[in-house]
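What follows is a short report on a single structure.
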Amino acid sequence: AAVAWVQSGTDIYAITFDQNGSGPLTSSGIISLGSASGTVTNFQLTGIYPESSSNGAAVAWVQSGTDIYAITFDQNGSGPLTSSGIISLGSATAAATNFQLTGAYPENTNTGAAVAWVENGTTIHAITFDKNGSASLTNSGIIPLGSASSTVTNFQLTGDYPETSSHGAALAWVESGTVIHAITFDKDGSLALTSSGIISLGSASSAVTNFQLSGLIPEFSSSGVVVAWVENGKDIYAITFDKNGSGALTSSGIISLGSAAASVANFLLTGGAPETSTNGAAAVWVFNVSPVSSSSNRAYLRPSNRR
């Protein structure tokens, strides 16, 4: 595993470790990944095999509100994987908000990683990269993914293989408190994978809270992606989708998963292949949280496997 952090606003560090501590995997202990030229904001980390010299991990961040940077590393530091150290991924035309990073194998030149963000509240952009920078994977640099019809909230990004043309990555978000949208993309832009651009996933019956997105291979028509959320404090809903929209995978559109007995807190979602009937996805939450006694606290796990 790996952890990464920022010191003094600009200095970036990481360390990798296993159950025995950092020594068996990290040859040099804490790794200095370099210094940003300005204050680091929106700091993100991704990578499921940080110790693998061919896979590694990646961090990405924003400087000066618009300038986007990344670096990849493994147990020995950034040099073995990143040929040019800190990578400039370009600049947004307006302040980058809702900044997200995903990618299981950032150092693999066939899979890479992706960042996505929102500008001016509604305009959505993304870029993919690997250890050599963005150009080797993203043919057109920063990718415009279209504009929402109203302010984007609950912005989420997922996808283990953003650069693989048959896998891609997916974004989902909420507009006007209840209207749910998504889009999938790869290094060439969204249209290479998404036949209809931004996908409308339907509207919740009341304000969406605790919005979550999960799915490793968003473009696989047999696996897809899932979003889940809470309405009215305790009513739980979900919907699955692939590049063609929700209908292709979810036969009944928005799925009601039932209601908690009390207000939902700490809502989480997971699932690599939500549409696979033997795998599915799961949501977990807590209710009756008491700071005095834990005896009344309850946690529930509800699989959202398609029937």
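Couple of notes before you dig in:
- Boolean, I236 is hydrophobic (A, V, I, L, M, F, W, C), part of a strand (DSSP E or B), under 22 Å from P106 (Cβ atoms) and modelled with pLDDT of 80 or more: no
- Residue within the stretch 125-146 that is over 30 Å from N55 (Cβ atoms), in contact with a His (Cβ under 7 Å, 6 or more places away or on another chain) and without any contact (Cβ under 8 Å) to a residue 60 or more places away in the chain present: no
- If you filter the stretch 138-153 down to residues that are modelled with pLDDT under 90 and not in a strand (DSSP E or B), you find that the one that is surrounded by the most Cβ atoms within 10 Å (Cβ to Cβ) is T138.
- Positions within the stretch 31-48 being surrounded by fewer than 19 Cβ atoms within 10 Å (Cβ to Cβ) and of a type outside the set (G, A, S), in sequence order: T39, T41, N42, F43, Q44, L45, I48
- Here A113 clears all of (1) in a loop (DSSP other than H, G, I, E, B); (2) touching a residue at least 60 places away in the same chain (Cβ under 8 Å) except the condition numbered (1).
- Check on S176, open to solvent by 10 Å² or more (accessible area, probe 1.4 Å) and at pLDDT below 95: no
Condition check ((1) in a loop (DSSP other than H, G, I, E, B); (2) modelled with pLDDT under 90; (3) within 20 Å of D186 (Cβ to Cβ)) across all residues:
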position	(1), (2), (3)
S84	yes, yes, no
W117	no, no, yes
G121	yes, no, no
S136	yes, yes, yes
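- Filter result for T209 (modelled with pLDDT of 85 or more, among the polar types (S, T, N, Q) and farther than 16 Å from L157 by Cα): yes
- A182 passes every criterion in (1) over 22 Å from G280 (Cβ atoms); (2) of a type in the set (A, V, I, L, M, F, W, C); (3) at pLDDT 90 or above; (4) surrounded by 17 or more Cβ atoms within 10 Å (Cβ to Cβ) apart from (1).
- In the stretch 186-193, the count of residues that are open to solvent by less than 50 Å² (accessible area, probe 1.4 Å), at pLDDT 95 or above, farther than 23 Å from A283 by Cα and of a type in the set (G, A, S) is zero.
- Residues (modelled with pLDDT of 90 or more and open to solvent by 10 Å² or more (accessible area, probe 1.4 Å)) located in the stretch 65-80: G65, T66, D67, Y69
The values are calculated or read from the model by the stated rules, or taken from the named source; none is laboratory data. Note that the structure is a prediction, hence the values are computed from the model and not measured. Every residue, glycine as well, gets a Cβ built from its backbone with ideal geometry; the counts of neighbours run over all protein chains shown. Accessible surface is based on the protein model in full, side chains and every heavy atom, while ligands, DNA and RNA are left aside. Shrake-Rupley method; radii C 1.70, N 1.55, O 1.52, S 1.80 Å.
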